[in-house]
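In what follows, a structure is listed as C-alpha cells, so that the remarks can point back to it.
The values are calculated or read from the model by the stated rules, or taken from the named source; none is laboratory data. Everything quoted here is computed from the prediction, not taken from an experiment. Every residue, glycine among them, receives a Cβ derived from its backbone with ideal geometry; neighbour counts consider all protein chains shown. The protein model used for the area step is the full one, side chains on, heavy atoms only, and it has no ligands, DNA or RNA in it. Shrake-Rupley method; radii C 1.70, N 1.55, O 1.52, S 1.80 Å.
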Number of protein chains: 2
Amino acid sequence: MSPKITTELLKQLRQVMKNPRYVQEPVQAYIVPSGDAHQSEYIAPCDCRRAFISGFDGSAGTAIVTEQHAAMWTDGRYFLQAAHQMDSNWTLMKMGLKDTPTQEDWLVSVLPEGSKVGVDPFIIPADQWKRMSKALRSAGHDLVPVKENLINTIWTDCPQRPCKPLIMLDLSYTGVSWRDKIVALRSKMAERKVTWFVVTALDEVAWLFNLRGSDVEYNPVFFAYAVIGMNTIRLFIDGDRMMDPAVREHLQLDSTLEPEFKIQVMPYGSILSELQAVGAGLSPKEKVWLSDKASYALTEAIPKAYRYLTPYTPICIAKAVKNAAETEGMRRAHIKDAVALCELFSWLEKEVPKGTVTEIVAADKAEEFRSQQKDFVELSFATISSTGPNGAIIHYKPVPETNRTLSVNEIYLLDSGAQYKDGTTDVTRTMHFGTPSAYEKECFTYVLKGHIAVSAAIFPNGTKGHLLDSFARSALWDCGLDYLHGTGHGVGSFLNVHEGPCGISYKTFADEPLEAGMIVSDEPGYYEDGSFGIRIENVVLVIPAETKYNFKNRGSLTFEPLTLVPIQTKMIDVNLLTEKECNWVNEYHQRCREVVGAELERQGRHEALRWLLRETEPLARAQ
Amino acid sequence: MSPKITTELLKQLRQVMKNPRYVQEPVQAYIVPSGDAHQSEYIAPCDCRRAFISGFDGSAGTAIVTEQHAAMWTDGRYFLQAAHQMDSNWTLMKMGLKDTPTQEDWLVSVLPEGSKVGVDPFIIPADQWKRMSKALRSAGHDLVPVKENLINTIWTDCPQRPCKPLIMLDLSYTGVSWRDKIVALRSKMAERKVTWFVVTALDEVAWLFNLRGSDVEYNPVFFAYAVIGMNTIRLFIDGDRMMDPAVREHLQLDSTLEPEFKIQVMPYGSILSELQAVGAGLSPKEKVWLSDKASYALTEAIPKAYRYLTPYTPICIAKAVKNAAETEGMRRAHIKDAVALCELFSWLEKEVPKGTVTEIVAADKAEEFRSQQKDFVELSFATISSTGPNGAIIHYKPVPETNRTLSVNEIYLLDSGAQYKDGTTDVTRTMHFGTPSAYEKECFTYVLKGHIAVSAAIFPNGTKGHLLDSFARSALWDCGLDYLHGTGHGVGSFLNVHEGPCGISYKTFADEPLEAGMIVSDEPGYYEDGSFGIRIENVVLVIPAETKYNFKNRGSLTFEPLTLVPIQTKMIDVNLLTEKECNWVNEYHQRCREVVGAELERQGRHEALRWLLRETEPLARAQ
C-alpha cells in the first residue's frame, strides 16, 4: 500500500472553502464525515468522500481540513491502515488514546478567533451537529451548513450515484403487504400523536415497500426516502426504476386505489424542498416523527416545536420482529448456506494439506458454493477468511499483501454470509485441518461454552440483550480470558446483516428488549495476538420458552439456532464441558444431520454429506 | 393508620405561597421534594417536610401543592401506605403506571398561563432543577427558587436540626489521616485542573475528616459542608461540637499547621454566601468541582463557566475503595455481627415453637444481641423482620398493625445490620423453624445458586457491577422465576449502608468499575405474593483473583464474603446444586465454623456455638 498523494486535492479543497460560488462566507475548516445521507454502515463509491480526499478507506473515520492542517480521526482497528494510506499532509488522530483531542477540542485549538466550520448538512446526523455546534459556539466559532458538498466540487471523476433495478418481494417472502405495513405504521403514529413520519434509513424504506435493490454492496437497498402522512405516501427515488411495469404493479401505481394508499413518486433530490413544504404547512397539533440520527438538513426542515425524535423508529422496531414468512425464509436461507459451507469445509479438508489454498482462494470458494444455491443474490459482507495470526485481527479481510496459505498447522477462522432472496446469513466457524494443540482446544472450548450459555439461556420477556452478554464470557473469565467485542447484533431478513434495535453487548445500553421473532447473532470469541483467532457464530431466533413456573405471568424466551453448520468436534476438549453443554452440542449436531443432511441428499452432494455425518458424530464425556 | 388531616395546613401553605414576606411574586404551585439539602437517603425529622404537609412518610415521594390541588408522586412500594396516610385533599400519583402523568406534565395541565412554580433551591438537586425548569419554560411557566422554605414557615413545632456530639476515628479505624485524604483529594483536583472542591454529601464530609456523628438515624453522619481549595479548607458545621477539645485535637484546630492544612470552621448556614464569595473571586483558569446532585442553590453560586460537575465525586470514588485498616475493621464487625445472629437464631429455634415471638420481638432481640458486641453504635437501617406473607413485601418493616407471630409453619426472613465503630453490616437470612415444603426449598435453592454465582464469579479488572447482575438470576430464569430488585449495593465502612458508586443491578448503568477493596452486597431473592419471601444476602469484598491465564495483563477480580452467618441447610435441595456449588456452601460453612466459632468460644456463648456447629454440617450430594 502506498499512500495517496493529496497535496493538490487539499489545495483545491482549501480554494473552494473560500469560493463564494460554494460558500456564503469563507469557512476556515471543513468536516468530511464517513457516512452517507442515510447514515448507512456500508456506503456506495460515490459517497466515499473521506477516502477520496485522504486515501484512507477504512469503514470509520472523520477528516477535518483547515487552512493549515488536515487531520483524520479513526479508531484502533484502523491506526495501521490509515497510517499506510495517508501521505504526510495528514495527521492521524488515534481515537481512544488518552492524549488524542476530540474533533471539537482540536478545532478550538487550531482555529483563529471567530471561525466558521463547514459541513454538508445532509451527511451529518442531527445529534452530532448539535453536540459539535454547541462546543464550537461556546469557544466563539460557528458550525455552518454548506449546501453544496465541497468534496464533490473537486471530485471530477466521482462515480455516479447507483440506480440499479429493484427486486420486488411478494407475500411469500414478506408475510405482510406494504399496504398493511403502512396501516400498522399509521396506527403507531396515531398512538404517539404524530401526523408525519420521515423514513431516512435505506433499509427502512426497502422494508416498508417490500422492495430490495443493489445500490450498495452487501446491503440489498436502494437510494430513496419516504414521507408518510396519515393520508399520503411520498416516495423519493430516482431513475427509470419506476418505469418498470412490475414495480408499478407492485406499488399499484396505476391502480385506482383509496387516496391514502396512493404513492406519489418524486425525485430523490426533492426530499428537502418537499419536507420544507410539509414543515411550513403544519398546523399547531401536528408532529413529525424522525430518527434522531436523521441528517441535520432534514431535521431542520421541520420547525423544532413540531419535531418528534426517537433513537429507534417504529419501522426499525417492527422490522426487527420477523413474522412467520420471514422466519421460514430465514430458515431456508440458513439451510442452503449450511449446504454451501459443508461443501466448502469438505473441499478444504482435501485441499488444505496440498498447500495451495490461500485465504482469498478459500473465500472465493465459499462464495462459489453459496452462489450455486437457489435465490442467492450476493454476499452479506466482505468475507473474513483468516488463518493463524491473521485470525487474531478481528476485522480482517484478506488482501494480496496479507494473503496467507491455509495449513494443517494453523487454526482457520471463516466469518462469512450471504444474501438470499429469502434471508440473510452470517456464520463463523473455526477449524483446524491438522491436530490442534491442547491450549487451542482449551480456548475453543471456553468460547463454545460461552456460545452455548447464550444460545441456551432462558430469560424473562422484556429482557434486554445486553443483560445476556456476560453469559458468553463467564467461562473465559474464569480462566482470566476475554474478548474485546460485543457478543451479537440484530440481523435483517434479506436486508442489512447488522440492524438495530437489539443486540447482545456489554456496550449496548440503548437496545430495545428482546421479543419472540427477533433474530440476533451469538458470536463470542478469543484472540491471541500474533497466534490465532477463535470465534463461533450462529444466527439465532428469539422464541418463547416453556418453563416450570411463570413469574407474574411474564412468560420466558430463549433462542433457536438458525445456523446449522457443524462445530468442529476435533477442537473441543470434551472434559471441559458439563453434561448439559455436551448434550447441547449433540442435539445441535443431530439437527444439522437431519435438516442439512436431507438437503445435501436432495441436492446430491454426497461427499459433503459424508463430511457432515462424520463431523456430527456425538461427543461422549468421560464418566 | 388514620390519615393526617391537612385541610388547615394546606390553607396556610397556600397563603404563604402568595405572601410577599416569603415570595417575591406569588407562586401558583409549590414543590415539596423528599430529600434534605445533602440529597441524603435517610433524613432527619426536621427535614421530613413532605411527611409534615401530607402525612405520607414513606422514604420516596414528591408533593406538589397548587391553589386548587395537592398531589403526591410515589412508587409502587408505597401506593397502599400513601393512600392510607393521606386525606382526601390529596391525589395519589402512582409512578410507573402508564396513565400517571409526570410532575411536569401534570403541572402544565393544571396551571393557569404564565405560572410561577416555587421550590426550595437548597432541596432540589441541580440536575432535577434543570429538567423541570426546561419542561415548564417550554410550556410558558417558570420554575423559581423560593429562598425561605415555605413548609418551615407554617411548621410551628418543627424539630430542631440535630447537632449531636462527634465521634473521632483514629488511624487504627481509618487507615489514612484526614490530612493525607486532603492531599490525595488535591492531587485528583490538580489532575482535572480544578482549584476548588465542594463537599455536599454528608457521608463524604464525615469520611474526609475521619469524623462520625448521629444527626441522622442509622447513618453515622452530621450536618456539615466543606469547601476544599488548593490552600484552604473550610468546614461548615454548627453547634458547640467544635468546642470539644478532643475534636479540636483531632482536627488540629489549635496547632501551628502549614496554612494549607489549617481548617477554618464556619457556621453551617454560611455555606451559600461563602461559596458565592468563592464564585465571585474566581480567575479565568479556575474551576469548581461539584457533584451533579448538589443542590441548585449551591450549584448556582458558581458561575456556569467555572463549574465542573460529575456524577461521582473523587471522595465518593476514594471512599468506596476500602484500605487495609477499613477492611480489617469490616471483617471484625462482621464476625461480631455473626455472633449476634448465631445467638438470635439459636434463641429463635427454642422460642418460636412456643408461639410467643412476633416480628417485632425478633427484631428487638436481634438489636439486643448486637448491642452486646464491642463498638456497637446503632442499627444500620430499620430491621426487616418478616414472616410468611409479610416476607413478600420487599421493603417491609414490622409495625403493631402488621406484626405477625413467627411459627414453625412459615418462612422467616430477617434483613438487618448494624453500625459498629469498626464497620457496617447488612445481612439477610431466610429460615424455617419447622419443615419447609419441597417448593419452598426449590425456590430457596435457586436463590442460593444465584447468590453463589455472583459470589464466586471471576471477572476482569474494570468490569462494572451491572454486568454481573444476570448471574444472580440465571437459575431462577431457567424455571421462569425472577425478583424485581437489584442484586447489590455498595456498603460504607462505619458509614451509610447504601453508598455509591458501585453496585450490582440490571438498572445501574452509571456505576463505576469494581476494583479490589470495594465492598458490595450480594442479595438475590424470590418473593411469592401472599405466601413468602426468600432473600440470601452477604456483604462481600472485591479481591484479586488468581487465574490460569491473564488476558492483556488486565488481572481478574472475585469476591470474598465478609458476612459469616450459616445459610440454613434445611432449606437447600442439595440435588439441585452442582458439585461446585455444593463445595462453595461447605467451604463457606467451614469458614463460619472456624472464624465465628472461635469468637463464640472466646465470648463463652456455648449454646450459640453448638447451634453454629450443627448448622454448618457439610452437605452431601447424591452420587
Check your understanding: Would you pick out the residues in the stretch B:401-419 that are surrounded by 24 or more Cβ atoms within 10 Å (Cβ to Cβ) and either farther than 13 Å from B:ALA366 by Cβ or of a type in the set (D, E, K, R) (or both)?
Key -> B:ILE411, B:ASP415, B:GLN419
Revision key, fill the gap. Within the stretch B:341-390, the residues that are under 26 Å from the mean Cα position of the chain (by Cα), open to solvent by 10 Å² or more (accessible area, probe 1.4 Å) and in contact (Cβ under 8 Å) with a residue 60 or more places away in the chain are B:VAL377, B:GLU378, B:LEU379, B:PHE381, B:ALA382, B:PRO389, B:ASN390
Exercise for review: Output the qualifying pairs, or none if there are none: Cβ atoms under 7 angstrom, residues six or more apart or on different chains, first residue in the stretch B:547-562 and more than 10 Å from every other protein chain (Cβ to nearest Cβ) and under 23 Å from B:GLU326 (Cβ atoms), second residue open to solvent by 40 Å² or more (accessible area, probe 1.4 Å) and outside any strand (DSSP E or B).
Suggested key: B:LEU562/B:ARG331
Exercise for review: Output the residue which, of all residues in the stretch B:148-198 that are touching a residue at least 24 places away in the same chain (Cβ under 8 Å) and among the polar types (S, T, N, Q), is nearest to B:LEU272 (Cα to Cα).
Suggested key: B:ASN149
Review point. With respect to the numbered conditions (1) buried (at least 20 other Cβ atoms within 10 Å of the Cβ); (2) of a type outside the set (S, T, N, Q); (3) not in a helix (DSSP H, G or I), which one is the sole condition not fulfilled by B:ALA206?
Key: (3)
Point to revise | When residues of the stretch A:428-447 are limited to those that are among the β-branched types (Val, Ile, Thr) and farther than 13 Å from A:THR487 by Cα, the one surrounded by the fewest Cβ atoms within 10 Å (Cβ to Cβ) | key: A:THR435
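So, A:LEU481, is that one in contact (Cβ under 8 Å) with a residue 40 or more places away in the chain, of a type in the set (A, V, I, L, M) and in contact with a helix residue (DSSP H, G or I) (Cβ under 8 Å, 6 or more places away or on another chain) or not?
Working: in contact (Cβ under 8 Å) with a residue 40 or more places away in the chain: yes; of a type in the set (A, V, I, L, M): yes; in contact with a helix residue (DSSP H, G or I) (Cβ under 8 Å, 6 or more places away or on another chain): yes.
Answer is yes for this residue.
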Check your understanding: Does A:TYR527 satisfy being in contact with a helix residue (DSSP H, G or I) (Cβ under 7 Å, 6 or more places away or on another chain), of a type in the set (Ser, Thr, Tyr) and within 14 Å of chain B (Cβ to nearest Cβ)?
Key -> yes
Practice item. Determine whether the stretch A:493-502 contains at least one residue that is open to solvent by 20 Å² or more (accessible area, probe 1.4 Å), within 14 Å of another protein chain (Cβ to nearest Cβ) and modelled with pLDDT under 95. Key: no
Exercise for review: Collect the residues in the stretch A:32-80 that are more than 27 Å from A:LEU495 (Cα to Cα), of a type outside the set (D, E, K, R) and open to solvent by 20 Å² or more (accessible area, probe 1.4 Å), keeping them in residue-number order.
Suggested key: A:PHE52, A:GLN68, A:HIS69, A:GLY76, A:PHE79, A:LEU80
Check your understanding: Which condition breaks for A:MET132 when tested against (1) in the same structural domain as A:ALA301 (by the TED database); (2) not in a loop (DSSP other than H, G, I, E, B)?
Key -> (1)
Review point. What strands (runs of 3 or more DSSP E), lying completely within the stretch B:235-340, carry at least 3 residues that are in contact (Cβ under 8 Å) with a residue 24 or more places away in the chain and over 23 Å from the mean Cα position of the chain (by Cα)?
Key: B:263-266
Check your understanding: Can you name the residue in the stretch A:117-129 that is in a loop (DSSP other than H, G, I, E, B) and farther than 15 Å from A:THR62 by Cβ and, of all such residues, is least open to solvent (accessible area, probe 1.4 Å)?
Key -> A:PRO121
Review point. For the stretch A:9-68, which residues satisfy the criterion of being aromatic (Phe, Trp, Tyr) and over 21 Å from A:VAL108 (Cβ atoms)?
Key: A:TYR22, A:TYR42, A:PHE52, A:PHE56
Practice item. Considering every residue within the stretch B:97-107, establish whether at least one is among the polar types (S, T, N, Q), over 20 Å from B:LEU235 (Cα atoms), surrounded by 17 or more Cβ atoms within 10 Å (Cβ to Cβ) and within 26 Å of the chain's Cα centre (by Cα). Key: yes
Check your understanding: Quick check: is even one residue across the stretch B:31-42 β-branched (Val, Ile, Thr), modelled with pLDDT of 95 or more and farther than 26 Å from B:ALA382 by Cβ?
Key -> yes
Exercise for review: Tell me, yes or no, whether the stretch A:448-467 has at least one residue that is among the charged types (D, E, K, R), closer than 30 Å to B:LEU481 by Cα and either away from chain B (no Cβ under 14 Å) or open to solvent by 10 Å² or more (accessible area, probe 1.4 Å) (or both).
Suggested key: yes
Review point. Restricting the search to the stretch A:15-31, which residues are assigned to a helix (DSSP H, G or I) and buried (at least 18 other Cβ atoms within 10 Å of the Cβ)?
Key: A:VAL16
Check your understanding: Restricting attention to the stretch B:468-481, and to residues there that are surrounded by fewer than 24 Cβ atoms within 10 Å (Cβ to Cβ) and part of a loop (DSSP other than H, G, I, E, B), which single residue is farthest from the other protein chains (Cβ to nearest Cβ)?
Key -> B:CYS479
Point to revise | Qualifying residues in the stretch B:141-196 (those that are open to solvent by 30 Å² or more (accessible area, probe 1.4 Å) and β-branched (Val, Ile, Thr)) - the one nearest to B:LYS262 (Cα to Cα) | key: B:VAL183
Exercise for review: Considering only the stretch B:81-92, state which residues are open to solvent by 20 Å² or more (accessible area, probe 1.4 Å) and among the aliphatic types (A, V, I, L, M).
Suggested key: B:ALA83, B:LEU92
Check your understanding: When residues of the stretch A:266-283 are filtered for being open to solvent by 60 Å² or more (accessible area, probe 1.4 Å) and in contact with a Phe, Trp or Tyr (Cβ under 9 Å, 6 or more places away or on another chain), how many remain?
Key -> 2
Check your understanding: If you go through the stretch A:573-606 one residue at a time, how many are away from chain B (no Cβ under 14 Å), of a type in the set (A, V, I, L, M) and crowded, with 19+ Cβ neighbours inside 10 Å?
Key -> 3
